[in-house]
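See structure below.
Values in this text are rule-based calculations from the coordinates and carry no lab data. Note that the structure is a prediction, hence the values are computed from the model and not measured. Cβ placement follows ideal geometry from the backbone for every residue including glycine, while neighbour counts extend to all protein chains displayed.
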Amino acid sequence: MTQLAKLRSLLVGLTFYLGVSTTVAAYRIGVGRADCTGPPVEIGFMGYAEFSQRGHGIHLRQFSRAFIFEDEQGERVVFVSADAGMMGHAVKRDVVDLLQKKYGDIYRFENVVLSGTHSHSVPSGFLMSFLYDIASLGFVPQNFNALVEGITLSIVRAHDSMQEGRIFVSDTEVREANINRSPSAYENNPEDEKAFYQDYTDKKLVQLRLVGSSGQLIGAINWFAVHPTSMNKTNCYVSSDNVGYASILLEQEMNPGSMPGSGSFVGAVAASNLGDVSPNVMGPKCEKTGLPCDLLTSSCPSGAGACIASGPGSDMFASTKLIATRIYTAASKLLQSNTGREIRGPISYAHQFVDMTKAVVPYFNRTTNRVEEVRGCYPAMGYSFAAGTTDGPGAFDFRQAMLTDTTFWNTARDFIAVPTAEDIECQAPKPILVASGRTTFSYETQPKIVPVQVLLMGNFAMAAVPAEFTTMSGRRLRKVIEQASVDAGGKKVQVVVAGLSNMYTSYVATPEEYAIQRYEGASTLYGPHTLTIYLDRFKKLMEAIVTGDKVAPGPEPPFEDYKQITLSTGVVFDGHPFRMYFGDVQIQPEESYKKGDTVKAMFVAGNPRNNLMHERTYLTVEKQVGDDDWKVIATDASWDTKFKWIRKSTLFAYSDIEVEWQTGQETEQGIYRIQHFGYWRYILGGTYPYNGTTRNFSIL
């Protein structure tokens, strides 16, 4: 290192420890986006655990959005927000492996964070944990590979786009976009703690604004706490839901005239501490009477139906659009305001794997006013887990806030795995419905070893958590990390919780919320002190970053790829009706439509799983702009289109594709057509492309 470089390094260090502003801590930044859409048909969705919720098409494609930051000393971190239900350890492992084959050890587990947005309307089967892959009937290699390849490509594109730049952080409030779906659990938190906060959910949207070398906006990350469950469990279209559409709206504003998924500006709305946060702001009601549900149990009187929360729109599509627009509008105004604090200082990071079943940490007991040792438990799910949430109620006679078990369900539970007396004591007051830590399947039912990770840029920190932290859990985590930096001799840092990162381990409720045993507490895997363990580990990570101490890597999660069970069959072959061929139009559009009408067409089709059409599309809506020229105005990633696959014959493997295009008052008059693109599979092997085109039609 040259003397000048040493001097610059010293100044950067002083910037962090003393909080002194300096112009020497320049960054290099890069952004990238790539398609990571999974198989859109015949695969179960991740989130509601509803077996009937299997894909039959696309409303919004899935995208991975990557952001790379590098300081003057060459320290580099990566943050990725992907339109996925969550993130899997094996997905990150394979992404890092691919990056290292291309770039060496620049990208590692320690400096890469992969975060899922948590949409409940995207394919499952990629987590390699038995309980989480049930909805897809086991592991789905095609979906796993789609995520790995899409995320990797987004990072490669960010790597290739790197340039000198500046980073600014700002925040704003978003109202009427989220509510707490478990207020009775939140109420059990200490009164003095609740008094610090105005709302039962975090209303703040925190934005990183990335400005390129010539002063142009090149990207933005927006963290906002809300469940992407505006699309309910009856939906069978692949959709990135409210936060995914908010990202598309922001990108289309900043990339004028571009199709969704294209353009140089990359804008993400990423997950935060969304555990108990719902977008269904009209609140829960009994579905048959419209009366309020019981606050504690989220149940309704006999005959009143299920307790279901609804969004602000007339249906789930309208609600998704309204919530997305509220988030996007706030992010856009913040982005355009050109305000905020510039981030300066060195980049650093810390990462560790923790065996939650062996963790022992100190805990201050408010009741006894003493510090005592607490430990993690073997993973288990409680009775209220089966009750579901007001976003998606469960089945049978389960209710939220169940603190007692039953002989019937315990007998059913014990056929799978029997909890030990130690498990029952450790998890109390949770009555154990699924003793997932004691199962003897060929591979893990739920993880025991989890990753914890902090990325630090100047005095801005991202806490990457492998679960859904509730509102108060996230607030406690932010405070602990902030205090740890100061106590270790560093400056005060601003912390965001990057939810559902690197691995998925269900929920993390506070010990007080856990005691109520609503859905979030029942789904807190490692017992009442799950959060206590996380707070201790993140505190130590932050201290190590400030002091420069090395962090022990911890025990690695098991490699279980070869043990995976796959019950979802692939495509065997595709057939077509007599005297028709793939791409032929079964139903043509009408000759003309008025603005606001819905245009429909149907094509003879192959199975969409034959080719996921990454960076392409299954359909285009095109407007005639010359005698022989056509302009694409919508694809299968556009809000106004729906792409639906319909199986017509299982025996002969006939299927159709139905395309819907919703016109609006902004639709221009003119001549249009619709095209469908796909692949069909020959019974003796091989897939072959086809396409079909409708007749021309007019918008009047």
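List the residues, sorted by chain then number, that are 5 or more residues from VAL374 or on another chain and whose placed amide H is less than 5 Å from its amide H.
VAL361, TYR363
If R0 is 22 Å, what FRET efficiency do you get for TYR688 and VAL632 from their C-beta distance, rounded to 0.05?
According to the calculation, E is roughly 0.40.
Which whole-number percentage describes the relative contact order of region 427-487, with Cα contacts under 8 Å and a sequence gap of 6 or more?
16
Using Cα positions and a limit of under 30 Å, work out the lysines in reach of LYS600, with same-chain residues fewer than 8 apart set aside.
List returned: LYS233, LYS321, LYS623, LYS631, LYS642, LYS644, LYS648.
Please list, by residue number, everything in region 512-538 whose backbone N is under 18 Å from a paramagnetic label point 7 Å out along Cα→Cβ of GLU373.
Within reach of a label on GLU373, which here means backbone N under 18 Å from a point 7 Å along Cα→Cβ, region 512-538 contributes 528-530, 532-534, 536-537.
What ³J(HN,Hα) values, in whole Hz, does the Karplus curve 6.51 cos²θ - 1.76 cosθ + 1.60 give for region 284-290 when θ = phi - 60°, with x put for Gly and Pro?
x, 9, 6, 5, 9, 10, x
Give the cysteines in the chain for which no other Cys Cβ lies under 4.7 Å away, or write none if there are none.
Cysteines of the chain left without a disulfide-compatible partner: CYS36, CYS236.
Provide the packing ranking of 255-266, 667-678, 548-559, 441-452, i.e. peptides ordered by the mean count of other C-beta atoms within 10 Å per residue, highest first.
Peptide ranking by packing, descending: 441-452, 667-678, 255-266, 548-559.
Post the alpha-carbon centroid distance, region 552-590 to region 659-686, in whole angstrom.
20
On a full-extension model of 0.36 nm per residue, what is the gain between THR339 and ILE671, subtracting their alpha-carbon distance, rounded to one decimal in nm?
Extending this stretch completely gives an extra 115.1 nm.
Normalising by the residue count of region 362-506, find the relative contact order in percent from Cα pairs under 8 Å and 6+ residues apart.
19
So how far apart, in nm, are the two label points at ARG647 and ALA195 if each is 7 Å from Cα heading toward Cβ?
6.0
By a straight-distance test (C-alpha under 17 Å), which lysines pair with LYS550 as possible cross-link partners, with residues fewer than eight away in the same chain excluded?
Within reach: LYS539, LYS540.
Could you tell me the distance between the Cα centroids of region 89-110 and region 406-426, to the nearest Å?
40
If I model a spin label at GLU173 and PHE573 as a point 7 Å from the Cα along the Cα→Cβ vector, what separation in nanometres do I get?
6.4
For PHE469, what residues show an amide H to amide H distance below 5 Å, using hydrogens built from the backbone and excluding near sequence neighbours?
Under 5 Å from the amide H of PHE469: LEU274, GLY275, LEU500, VAL508.
Under 20 Å from the 7 Å Cα→Cβ point of TYR103, by amide nitrogen: which residues of region 249-292?
264-268
At a Cα cut-off below 19 Å, give the aspartates and glutamates reachable from LYS288, other chains included and same-chain residues fewer than 8 away excluded.
Partners within reach: ASP315, ASP391, ASP397.
To the nearest Å, what is the center-to-center distance of region 221-285 and region 137-176, using C-alpha atoms only?
If you average the Cα positions of each part, the centres end up 14 Å apart.
Applying the Karplus parametrisation 6.51 cos²θ - 1.76 cosθ + 1.60 with θ = phi - 60° to the phi angles of region 328-339, what ³J(HN,Hα) value in whole Hz is obtained for each residue in order, glycine and proline being reported as x?
Per-residue couplings from phi come out as 4, 4, 5, 5, 5, 4, 5, 5, 7, 6, 6, 10 Hz.
Could you compute the net charge surrounding GLY116? Neighbours are other residues with a C-beta less than 13 Å from the C-beta of GLY116; K and R count +1, D and E count -1.
-1
Kindly provide the helix-only [θ] at 222 nm of the chain, computed as the sum of -39,500 (n - 2.57) over DSSP H runs of four or more divided by all residues, to the nearest 500 deg cm²/dmol?
Dividing the helical sum by the residues of the chain leaves -7000 deg cm²/dmol.
Spelling out what I want: for every residue of region 521-528, take phi, set θ = phi - 60°, compute 6.51 cos²θ - 1.76 cosθ + 1.60 (Karplus), and round to whole Hz; glycine and proline get x.
x, 5, 9, 8, 5, 9, x, x
Can you tell me which of 219-226, 172-179, 684-691 comes out highest on packing, and rank the rest after it, using the mean Cβ neighbours within 10 Å?
The densest-packed peptide leads the list: 219-226, 172-179, 684-691.
Which cross-chain or sequence-distant (5 or more) residues have an amide H under 5 Å from the amide H of ARG518, H modelled 1.01 Å from N in plane?
Those qualifying (amide H under 5 Å, at least 5 residues apart or on another chain) are ALA401.
How high is the relative contact order of the chain, in percent, counting Cα pairs under 8 Å that sit 6 or more residues apart?
It comes to 15 percent, rounded to a whole number.
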